[in-house]
Structures are given as structure tokens and as C-alpha cells.
Amino acid sequence: MGFSRDERRLPIGVQSFLEIRAANLYYVDKTGFALRLVRDGKHYFVWRPRRFGKSLFVDTLKRLFKGRRELFKGLAIEPDWDWSVRYPVVRLDFGKGNFKRPGYLHANVMAQLDRIGREAGLELRYDTAPDHLDDLIRALHGRCGQRVVILVDERDKPILDALEQPEIASENRDDLRGLYSVIKSCDDHLHFSLLTGVSKFSKASLFSGLNNLKDITLTPRFSSICGYTERDLDTVFADRLEGLDREDVRDWYSGYSWSGDERVYNPFDVLLLLDEREYKNW
């Protein structure tokens, strides 16, 4: 069963909240989780498999803290968020790049921080990444008058990419440990932080200097912070499910749970199923 070309597009591979909302693509509203995070605490970590919606959630947070109310019209968080306040945001994304090369991680971090600084009209003064980040956080707080939001996507990818090259993996781990320790030392200047990854949180290694993060990976109330629930499929994607056997969809793609109870679907698999109309290990 096919669909006409003028129907809403599925957000296959789209990790930009701005693009999804501007183009009116299908969207599963996760903004209620954002509100819960801000109300419940300050510093968080969560891990989920790749292609599970982490980057989209991080981008949603970025637009939210920047006060882009027009993007959140009709979503769960709109009536409960203080849109009069806009926070400076430092987003680090390790989803791309060749972290197998010696020294590449340092160059990558410095480039990302320099770009954020330039966009804010700031000139950073240090040659080491932790000092660079510390300087940026303090300068943004002073310039904007609001404490800073830190968002780190794929926080462990520089290590995982280099696992077959132990010396580089170890160097990347130590560099990241020093970088992330700034989040604790700059706590007075920070409003919120979230780090995502695909491997389990370890305070004994990567986060030894950052023991104030709350790991919400297995917290039941955040079990569906990424991924699609049964309700999401039956409401958001109801028109696209026509002609598909729900039991088959469930058997193929609803195999994930981080609470021991609620199960969620892999978003990437579901979107490709709805587009291709074929059951496969996408």
C-alpha cells in the first residue's frame, strides 16, 4: 500500500528539531521529559544505543534553552516553560570525526569551542581544551547574565572509535576526563548539563572527576526518553500503520526496555519500516 507524495515526510535520519518542526515532519513529543529533567535536578547522563534519538533530544534541549518558543507550539512543555529567559548553550557533538588519529580529539574540541565563542562574540585565550571550556563558560555567564547549559552528544565515541588502538583510546579517555571535570569545577556558572553516550556510565574511569552527574539510564520515569512507545505508534503514526500487522511490528522492533517494564521501539527501524513497508533488520 503506497502513500501520496504530498503527505507529511517521515524524519528518517533527521536529528535537527528545528528542521522537523519547520518542515512539519512527524514528531514524537519528548518535551515533557525535558521539563521533568530541569525540575528534578541539574546534571545528568544517559546512554542509549545508536540511532535511538539521543541527538534529536539534545538538539531539542538546545532550542528549548535558547527560548525558541515558536518551535514548541502545541507541545507538552509550552505552557509550563518560562520563555522570557534565554540561556547560553555550549553543545559539544562527537558524533562525527576521525578520533583514531593522534591529537584529533584535542583539535576537534578546540574547534567546536572556538566556533561557539565566535558566535557569541568572545575571544578565548587558552591552548588546552579544559581551560578553553572553563574560559568560555565563565565568559558566557558574564556576557549573557544567565548561567550556562552544557550539552554533550556521543560523549564516549572518541574512545570507542579508537579501541583497536589502545594508546590513542587511552589518550582520548584522559583528554575527555579533563574536559568533563570542568563541568564540576564550574558548577556556580552552570544551569543544566546533559551528557549522552552508547556505553555504560563509569565513575571509575571517564567520569572520575565528575561525580555530581545523575545517571538516569535505568530510571523508570525516563525509560522512554528515547524511542517510541506503543502509544506513540498508535497516535503519531496511526495513518502510516494502515496495512501493517501490529503484532508483526511489535515482534520485530519492540525489544528494548530500560525499566524492566515499559518497552520501546527503535525509532530508526520503525521509520524505515513505515517508509519501505518491509520488515528488515534496518
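The values are calculated or read from the model by the stated rules, or taken from the named source; none is laboratory data. Here the structure is a predicted model, which means the values were calculated and not measured. FYI the Cβ positions are ideal-geometry reconstructions off the backbone, even for glycines, and counts take in every protein chain you see. Only protein heavy atoms, including side chains, enter the accessible area calculation; ligands, DNA and RNA are left aside. Shrake-Rupley method; radii C 1.70, N 1.55, O 1.52, S 1.80 Å.
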- [ ] Over the range 1-72, calculate the relative contact order: mean separation of alpha carbon pairs under 8 Å at least 6 apart, over the residue count, as a percent.
- [x] 39 percent
TODO: Report the full-extension gain for the segment S259 to R101: residue separation times 0.36 nm, less the Cα-Cα distance, to one decimal in nm.
DONE: 53.1 nm
TODO: Quick one: which residues, 5 or more positions from Y265 or on another chain, have an amide H under 5 Å from its amide H? H modelled 1.01 Å from N in the peptide plane, none for Pro or chain starts.
DONE: Y228, T229
Task: Karplus-derived 3J(HN,Hα), 6.51/-1.76/1.60, for each residue of the range 19-35, Hz, glycine and proline x - done: 5, 4, 6, 5, 9, 6, 7, 4, 9, 8, 5, 10, 5, x, 5, 4, 4
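Between K200 and R250, what FRET efficiency comes out of the Förster formula 1/(1 + (r/R0)^6) with R0 = 22 Å and r the beta carbon distance, rounded to 0.05?
Once rounded, the FRET efficiency stands at 0.25.
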Task: Estimated vicinal HN-Hα couplings, Hz - the range 264-273 in sequence order (Karplus 6.51, -1.76, 1.60; Gly, Pro = x) - done: 10, 8, 6, x, 5, 4, 4, 5, 5, 4
TODO: Using only the Cα atoms of the chain, build the gyration tensor, take square roots of its eigenvalues as a ≥ b ≥ c, and label the shape rounded, prolate or oblate: rounded if a/c is under 1.5, else prolate if a/b is larger than b/c, else oblate.
DONE: prolate
TODO: Starting from the amide H of Y87, placed 1.01 Å from N in the peptide plane, find each other amide H under 5 Å away whose residue is 5 or more places distant or on another chain.
DONE: K66, G67
Task: Per-residue HN-Hα couplings for the range 127-136 [Karplus 6.51, -1.76, 1.60; θ = phi - 60°; Hz; x = Gly/Pro] - done: 9, 9, 4, x, 5, 4, 5, 4, 4, 5
TODO: Keeping the other protein chains in place, figure out the carbon and sulfur percent of the accessible area of the range 226-274, with a 1.4 Å probe.
DONE: 43 percent
Task: Å² of accessible area per residue within the range 19-128, as computed with a 1.4 Å probe and no ligands counted - done: 48 Å²
Task: For T217, residues with placed amide H under 5 Å, excluding near neighbours - done: W47
TODO: With the full set of protein chains in place, find how many percent of the accessible area of the range 46-194 is carbon and sulfur; take the probe as 1.4 Å.
DONE: 46 percent
Task: Net charge dipole size for the chain [Lys, Arg +1 and Asp, Glu -1 on Cβ; Debye, nearest 20] - done: 680 debye
- [ ] May I ask which residue of H191, S170, L160 lies farthest towards the positive end of the charge dipole of the range 140-282, with charges of +1 (Lys, Arg) and -1 (Asp, Glu) on Cβ and the Cα centre as origin?
- [x] H191
TODO: Please give the contour-minus-distance gain from D275 to S185: 0.36 nm per residue of separation, less the Cα-Cα distance, rounded to one decimal in nm.
DONE: 27.7 nm
TODO: List the relative contact order of the chain as a percent without decimals, with contacts defined as Cα pairs under 8 Å and 6+ residues apart.
DONE: 23 percent
